[in-house]
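Comments concern the structure below.
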Amino acid sequence: MAGNRFSFRAETWKRLKKNKGALFGLLIIILAVFISLFGYVIAPDNSPNADLQTVEIQAKKPGYTQQFLKINERKYWAGSWLEHILSGKKNHFRLIPIKGYHISGDSLLVNKFIDDDTSVVLYYSINALTFNNPGAIEQNIITKKYWLGTDKFGRDILSRLIIGTRVSLAVGLIAVLISLTLGIILGALAGYYRGWVDELIMWLVNVTWSIPTLLLVFAITMAMGKGFWQIFIAVGLTMWVSVARLIRGQVMAIKEMEYVQAARALGLKNSHIILRHILPNILGPVMVIAAGNFATAIIVEAGLSFLGIGIQPPQPSWGLMIKENYNFIITHNPMLALIPGFAIMLLVLAFNLLGNGLRDAVDVKET
């Protein structure tokens, strides 16, 4: 049995590699996973939630460059490298946007940037800025380039897009795990035992399916409250019905196979037959529906965050980024809202392409 499953997986991978669309989707997903794991290392703004705000440079277009005066704190807790990877690096400095600077004796004169037409002159002690190391004053003048522009709070769009990848993948992963767990358990029980067990579970499936998905998510979210983990559970609890129906049909077909009948004749327990002889043989359809549910979860989370009942600020989410910047679509800078929309589209497309490829690869009738 183990050898047959290994051979099946090898053949599935061989067929999957021939599908260029599926490989493209898999590559995008692997890249997204890498970005989500090491987002705070990659992002230009590695502060927690990429929430470094500079309101003077709000809503700037992609490629915008700004000079800053960096004012460091004397004492701060740097944190461990693991904290930096998981939650970012806490700011130990302030950034003052400037148009230019001039050194006069032991003072630094800067033209603080207010807007494109306005600036004010500020004086700073060089010794105070450099902690009595005047030769290092040039290190306090930095230039930052915002590759995708800034949002209405002056935050780096690229950094928040990178950190938001973690939210989208996490929502998809947790939601799929919840939906698969519930769907496989209930679907297997309904398909194997039939009778009143099947009728009860299918009644629950039909009732759940009759409620619009978004409305059901609203109700669950309102009952549990708004937040990071609540949205995971809410999305997962709405997607198990499709898994349960699929598993039920697969189990009903497989339980009539000769090897399952032989296992029952040998007196093996029903739980052993389901776990060891039936479920391993329906992993193909499960992978296909898991990829589809992953894409659905990403879209649902983005929609909920856009409506304000999903991920809450300042935590970055692609749907929340669209909400915060959608007004700019009809003004001077539509890319602020379109960029996270493109990210959602690309990741959802990747999962759909992978799901279609898996569907063809696990179909033994395909040559």
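The values are calculated or read from the model by the stated rules, or taken from the named source; none is laboratory data. Just so you know, these numbers come straight off a predicted model, no measurement behind them. Note: ideal-geometry Cβ built from the backbone for every residue, glycine included; neighbour counts use all protein chains shown.
Residues of the stretch 305-323 that are among the hydroxyl-bearing types (Ser, Thr, Tyr) and not in a helix (DSSP H, G or I): 317 alone. One residue stands out in the stretch 306-329 among those that are of a type in the set (Phe, Trp, Tyr) and within 15 Å of the chain's Cα centre (by Cα): the one that is nearest to residue 48 (Cα to Cα), namely 318. Checked against the criterion of being farther than 28 Å from residue 328 by Cα, assigned to a loop (DSSP other than H, G, I, E, B) and either touching a Ser or Thr at 6+ places or on another chain (Cβ under 9 Å) or of a type in the set (S, T, N, Q) (or both), the candidates 60, 89 yield just one match: 89. With the condition kept exactly as written, say whether any residue in the stretch 114-130 is among the hydrophobic types (A, V, I, L, M, F, W, C) and under 30 Å from residue 343 (Cβ atoms). No - not one qualifying residue is present in the stretch 114-130.
Listed by first and then second residue, the pairs linking a residue in the stretch 199-211 that is at pLDDT 90 or above to a residue that is surrounded by 15 or more Cβ atoms within 10 Å (Cβ to Cβ) and not aromatic (Phe, Trp, Tyr), with Cβ atoms under 6 Å apart and 6 or more places separating them unless they lie on different chains, are 201/186; 201/190; 205/241; 205/244. Only one entry in 297, 290, 302 is crowded, with 20+ Cβ neighbours inside 10 Å, part of a helix (DSSP H, G or I) and touching a Phe, Trp or Tyr at 6+ places or on another chain (Cβ under 8 Å), namely 302. Considered as a group, the residues in the stretch 138-185 that are part of a strand (DSSP E or B) and among the polar types (S, T, N, Q) include one that is surrounded by the most Cβ atoms within 10 Å (Cβ to Cβ), and that residue is 150. Residue count for the stretch 1-24 satisfying the condition of being outside any helix (DSSP H, G or I) and modelled with pLDDT of 70 or more: 2. Scanning the stretch 345-367 for any residue that is among the aromatic types (Phe, Trp, Tyr) and closer than 17 Å to residue 230 by Cα turns up nothing.
Of the residues screened, residue 69 is one that is surrounded by 16 or more Cβ atoms within 10 Å (Cβ to Cβ) and either touching a Lys or Arg at 6+ places or on another chain (Cβ under 6 Å) or not assigned by TED's automatic domain parsing to the domain that holds residue 29 (or both). Determine whether the stretch 343-361 contains at least one residue that is surrounded by fewer than 17 Cβ atoms within 10 Å (Cβ to Cβ), in the same structural domain as residue 286 (by TED's automatic domain parsing), closer than 16 Å to residue 158 by Cβ and out of contact with any helix residue (DSSP H, G or I) (no Cβ under 6 Å at 6 or more places or on another chain). Within the stretch 343-361, one or more residues are surrounded by fewer than 17 Cβ atoms within 10 Å (Cβ to Cβ), in the same structural domain as residue 286 (by TED's automatic domain parsing), closer than 16 Å to residue 158 by Cβ and out of contact with any helix residue (DSSP H, G or I) (no Cβ under 6 Å at 6 or more places or on another chain).
On the stretch given as the stretch 121-137, residues that are surrounded by fewer than 16 Cβ atoms within 10 Å (Cβ to Cβ) and closer than 14 Å to residue 95 by Cα total 1. So which residues in the stretch 28-49 are among the aliphatic types (A, V, I, L, M) and either in contact (Cβ under 8 Å) with a residue 40 or more places away in the chain or over 12 Å from residue 347 (Cα atoms) (or both)? Passing the criteria: 28, 29, 32, 33, 35, 37, 41, 42, 43. Can you tell which of 274, 220, 231 is assigned to a helix (DSSP H, G or I) and either modelled with pLDDT of 85 or more or farther than 30 Å from residue 318 by Cα (or both)? One residue alone meets the criteria, 274.
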